[in-house]
1. Return the average number of partner chain Cβ atoms within 10 angstrom of each residue Cβ along peptide A:37-48.
2. Between the DSSP loop rule and a limit of at most 14 other Cβ atoms within 10 Å, which GluC sites (Glu not before Pro) in region B:114-177 are left?
3. Would you rank A:I27, B:I58 by solvent-accessible area, highest first, keeping every protein chain in place and using a 1.4 Å probe?
4. Can you tell me what share of the DSSP beta bridges in the protein assembly as shown is antiparallel? A percent to the nearest 5 is fine.
5. May I ask you to work out the translational diffusion coefficient for region D:42-104 at 25 °C, viscosity 0.890 mPa s, via Stokes-Einstein with Rh from the Kirkwood sum over Cα pairs, reported in whole µm²/s?
6. Which FRET efficiency value, to the nearest 0.05, is calculated for D:R15 and B:R15 with the Förster distance at 22 angstrom and r the Cβ-Cβ distance?
7. From Cα coordinates alone, what are the radius of gyration and Dmax values for the protein assembly as shown in angstrom?
8. Given R₀ = 30 Å, what would the calculated FRET efficiency be for A:E153 paired with A:D55, taking r from the Cβ atoms and rounding to 0.05?
Number of protein chains: 4
Amino acid sequence: MTELTTAAGGGWLAREEMDAARERLPILYVDVVPVRVDEQGTVTSIGLLLRAGEDGQIKRALVSGRVLYHERVRAALLRHLEKDLGPLALPRVPPAPQPFTVAEYFPTPGVTPFHDPRQHAVSLAYVVPVEGDCSPQQDALELTWFSPDEVREATVLAELANGQSALLLQALAHVGV
Amino acid sequence: MTELTTAAGGGWLAREEMDAARERLPILYVDVVPVRVDEQGTVTSIGLLLRAGEDGQIKRALVSGRVLYHERVRAALLRHLEKDLGPLALPRVPPAPQPFTVAEYFPTPGVTPFHDPRQHAVSLAYVVPVEGDCSPQQDALELTWFSPDEVREATVLAELANGQSALLLQALAHVGV
Amino acid sequence: MTELTTAAGGGWLAREEMDAARERLPILYVDVVPVRVDEQGTVTSIGLLLRAGEDGQIKRALVSGRVLYHERVRAALLRHLEKDLGPLALPRVPPAPQPFTVAEYFPTPGVTPFHDPRQHAVSLAYVVPVEGDCSPQQDALELTWFSPDEVREATVLAELANGQSALLLQALAHVGV
Amino acid sequence: MTELTTAAGGGWLAREEMDAARERLPILYVDVVPVRVDEQGTVTSIGLLLRAGEDGQIKRALVSGRVLYHERVRAALLRHLEKDLGPLALPRVPPAPQPFTVAEYFPTPGVTPFHDPRQHAVSLAYVVPVEGDCSPQQDALELTWFSPDEVREATVLAELANGQSALLLQALAHVGV
């Protein structure tokens, strides 16, 4: 059976077509660093997902995913946040579309700090405070909150795949913790 | 009697001293554009204060004020938001310290779009979603919410003093509405 | 004959395949507002292209184009700048990948201020100072420099297609002129 | 003799008055990370100054200094760049006033990563490409260019005072190298 990927605006891609597109075009992604903030807005903790990768290995990951045809970037942010953190996470998507950085994942390692063997993905990266209850969904096994100091530890950073440790450090630098 | 301005960290300035400093140093300010957002984070309305100026004229204004000695910028944001919008406004101060722009108010008109006859003020400008109930406090007579289209009308912009209409338009451009 | 679009990293798309992808995926673009700056970095003028559209109408436009498979965003910026402004323009692409905004062009008008009847394009927008000699290339008929005041005139803004007048105003707001 | 600090707009402060202001008001600063970029705008090296501190110790430092009364922020950037790197450095001050971060130097250590025993300084931080010849001036003994990898080494970071190593890492994160 052909797996279909339904897009927000009615378009869809069969798995084979998506595979073909992935060999020809940069694919637009969003990356989200979910954070807890105190009453002044200072980041107090950072949430990382635990996922089973396609190779069976357990890895930490940011909230991340594709922007679909005819989908607003902020709708994609909310969809992936809900998919990974559950429907009660109460994310506060920032009012401005300006990302804190753009991460370019290349299929060839070493072009940038970011690597994705499946595709050339260009990802708009945002820090998003979440105020509600988070419960991992679907293929996410667990969500763990780390303090800024804890998340910077080499052992934690090493568990992030595809160069997302670099993106996490950029997010910490951006929020100044 | 000498009016004292108490600073967060213990320092204070008599009115005369503050007046002297204002003739010699740029004074650090924050400007806040308070907004309402929908569940996707899109700005739906913008709040403007109505104030009686020192000359008795009624003017619209952004939430704005000085950063005190030994006060964090985000503490200053919260203090001025609470002073103008009341204690139940529930502002969501952004997690990153990066302002969307820096507004330079010069005592001489025409140097920049911003003008402050009292002083050279340099203001870090932020867009801050507020989720709670706002009630104008102290010298603010009223808080009015405008849609992005309404707030852009020439009659509304003309009611903002000191070039804050330019700052408001910059904020709208930044959030993309 | 099939028109081929060669991509930087070896991939290519036949016109038919690109048309198919355009109906299924958001396409990654860059938009550039070329500017002249004075010795302090203040924007003194903004460059707009004059182009003959597919419908034969003459329109003003920003420097704009697709990011190719396996192409860095900054390489795409330089490629489109050279394509439109010529090889002697000496553009100063900013050191950080953070765009000043993200423009979402929808095939359906009215979803955002931006509209592209051909596709759903998501564009990273940058202001790029150019220091050299600009000469329009290929399908650009002319490059005209406007002062910030001139470029804001309703007659000029009306000549920009696809909502790029909104993007231009966002760029002016971002640079504070 | 009283040391006078002449301000751009005519105001000046005797050393005693400046000392008094420093105990009462946050002082506005700019911090600049001078960089070399390649033709695509990617940062290839970062310049650090070698200075003799007031305590006689030799320290690395960013280009940094006060914004004067009636001085534009971009004029302050150029003045400090010229003061430290010489008149032939050809800095490219960015067209937008948005800093990549705001560094809050507190007289009390530990409030933020930044510390300044003399004062509460709030600093707008920018990355500025320099294209010309740099020669250290005045109290700067030397300017050394480091690759991104070199400048991240613990021994180099340890030579930066007042928490400027944190600011340098934030700048590297911002430019994505």
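1. Numbers: counts 4, 2, 5, 9, 12, 5, 2, 1, 0, 0, 0, 0.
Mean shielding count: 3.
2. Numbers: sites: B:E131, B:E142, B:E150, B:E153, B:E159; in loops: B:E131, B:E153, B:E159.
Those that pass, being in a loop and sparsely packed, are B:E131, B:E153.
3. On the way: A:I27 5, B:I58 95 Å².
Reading off the accessible areas and sorting them downward yields B:I58, A:I27.
4. On the way: 104 of 152 bridges.
Of all bridge pairs located within the protein assembly as shown, approximately 70 percent are antiparallel.
5. Values: Rh = 13.6 Å.
It diffuses with D of about 180 µm²/s by this estimate.
6. 0.35
7. Cα only, the protein assembly as shown: 25.2, 89 Å (Rg, Dmax).
8. On the way: r = 24 Å, r/R0 = 0.80.
It comes out at approximately 0.80.
The values are calculated or read from the model by the stated rules, or taken from the named source; none is laboratory data. Note that this is a predicted model, so its numbers are computed, not measured. Every residue, glycine as well, gets a Cβ built from its backbone with ideal geometry; the counts of neighbours run over all protein chains shown. The protein model used for the area step is the full one, side chains on, heavy atoms only, and it has no ligands, DNA or RNA in it. Shrake-Rupley method; radii C 1.70, N 1.55, O 1.52, S 1.80 Å.
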